[in-house]
Amino acid sequence: MNLFKYNGTLYIVPTPIGNLSDITYRALKILKEVDLIACENIKRTNILLEHFNIKNTLISFNKNNEFYKTDNLIQKLKQGKKIALVSNAGTPIINDPGYLLIKKCHIFCIQIIPLPGPCSAITALSASGISTNRFCYEGFLPSKKKIRQNLLHSLRKEKRTIIFCESKYRIIETIKDIINEIGKNRHIVIAREITKKWEIIYGNKAKVMLSWLENNKNIYSKGENIIIINGYKKDKNINISENTINTFQILKNFLSLKQSVLITSKIHKVSKNNLYQYAIKNKEK
Ligand code: SAM
């Protein structure tokens, strides 16, 4: 049974995330054989092609032109062309352009052939030492502080392992937000510059990671990072965020224990019971 209406094929071709030796034989074969390559950045893809001695036609396909270039590529696929889609690095579509193109290929019954290959999130996860059975990929955190904090707050009880992309500019801010919204003792792993010369994969409690980053600012102010956060585990030690504790402690200076617990639980939407237990446990401290 032929599911496809046209002879064209779209290949999704992952490319290395740093180390060029990570390209697959099959990726090279497809990049040579297709009629054209749709790429996020012509200059970057040219460097890759030149390295492997491949000559082919490149057309730019990025987040700024994706919308109108999609229809153009669909026309070419309908005419029977073989097209490879690549991004700057890693697996296209995963936080990279192309979703709309794939969706339209489905709508028009055009064949899509995805190749397996490098992906920073999955490579980082494999080396994280954090459970890989269930995970969620959150891409980049929002750049606006409040929205970022709200998102992290909403993930504090997420049981699955959480994966984020993070830029060198904001990594320290993000770890501080993780401490405040999720907890200073949550285990996190930072995978930096995977497959490259200055690769570092290191994990510890969020509070330890913060001092590690602050002591190594010169390293972490450069390069690309994936952050992996251990999922929420109900533990005997009640996990209350730094922000919640701060509010509680301020209120306790003016109000009774009961009132402070009640108001704090309403402000931070945490369980009264947990907060009360925390307060009792930490009374003498
Ligand atoms: N589609 C890509 C993939 O499959 O890896 C991800 C694209 S996303 C726009 C780029 C982000 O991926 C970077 O900002 C960084 O967070 C992460 N990243 C890419 N290469 C990396 C590397 N070698 N080491 C660590 N993180 C990397």
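The values are calculated or read from the model by the stated rules, or taken from the named source; none is laboratory data. Given the structure is predicted, the values throughout are model-derived calculations rather than measurements. Positions of Cβ are generated from backbone atoms using ideal geometry, with glycine treated the same way; all protein chains shown enter the neighbour counts. In case anyone asks, the SASA skips ligands and DNA or RNA and just uses the protein heavy atoms, side chains included. Shrake-Rupley method; radii C 1.70, N 1.55, O 1.52, S 1.80 Å.
Just need the relative contact order of the range 48-192 here, percent rounded to a whole number, with Cα pairs under 8 Å and 6+ apart.
Answer for the range 48-192 is 17 percent.
Per DSSP H run of at least 4 residues, take -39500 (n - 2.57); add these up for the chain, divide by its residues and hand me the 222 nm value, nearest 500 deg cm²/dmol.
On the way: 12 runs with 116 residues, N = 285.
It lands at -12000 deg cm²/dmol.
In the structure shown, do any of Lys78/Lys103; Lys184/Lys217; Lys43/Lys196; Lys32/Lys63; Lys63/Lys157 have a Cα-Cα gap over 23 Å, and if so which? Intermediate results must be reported in sequence, preceding the final value.
Details: Lys78/Lys103 15 Å; Lys184/Lys217 20 Å; Lys43/Lys196 20 Å; Lys32/Lys63 25 Å; Lys63/Lys157 33 Å.
Beyond 23 Å: Lys32/Lys63; Lys63/Lys157.
For the range 9-118, what is the accessible area per residue in Å², given a 1.4 Å probe and the full set of protein chains? The partial results should precede the final answer.
Values: 5690 Å² over 110 residues.
Computed with neighbouring chains in place, this is 52 Å² per residue.
Could you pull the Cα extents of the chain along its three principal axes, largest to smallest, in whole Å?
Taking the Cα atoms of the chain, the three principal extents are 75, 40, 32 Å.
Just to be sure I follow the definition: excluding the sites themselves, where is the longest run in the chain that has none of the chymotrypsin sites (Phe, Trp or Tyr not before Pro) in a DSSP loop with at most 10 other Cβ atoms within 10 Å?
It works out to 1-168.
With r as the distance between the Cβ atoms of Arg134 and Lys196 and R0 = 30 Å, compute the FRET efficiency 1/(1 + (r/R0)^6) and round to 0.05.
The formula returns an efficiency of 0.55 here.
Relative to the longest principal Cα axis of the chain, at what angle does helix 272-281 sit, 0 to 90 degrees, rounded to 10?
Tilt relative to the chain: about 60 degrees.
Roughly how much of His106 is accessible, in Å² to the nearest 10, using a 1.4 Å probe?
130
As an exercise, use a Förster radius of 41 Å and the Cβ-Cβ distance of Lys43 and Lys234 to find the FRET efficiency, rounded to the nearest 0.05.
Values: r = 50 Å, r/R0 = 1.22.
My answer for the efficiency is 0.25.
Quick one: how many Å² of Val208 are accessible to a 1.4 Å probe, rounded to 10?
50
Report the relative contact order of the chain, percent, no decimals, based on alpha-carbon pairs under 8 angstrom and at least 6 residues apart. Walk me through the numbers on the way to the answer.
Working: 471 pairs, mean separation 49.8, N = 285.
Reported relative contact order: 17 percent.
Out of all DSSP beta bridges in the chain, what portion is antiparallel? Express it as a percent rounded to 5.
The answer is about 45 percent antiparallel.
Tilt of helix 171-181 relative to the longest C-alpha principal axis of the chain, in degrees (0 to 90, nearest 10)?
Helix 171-181 and the main axis of the chain meet at about 50 degrees.
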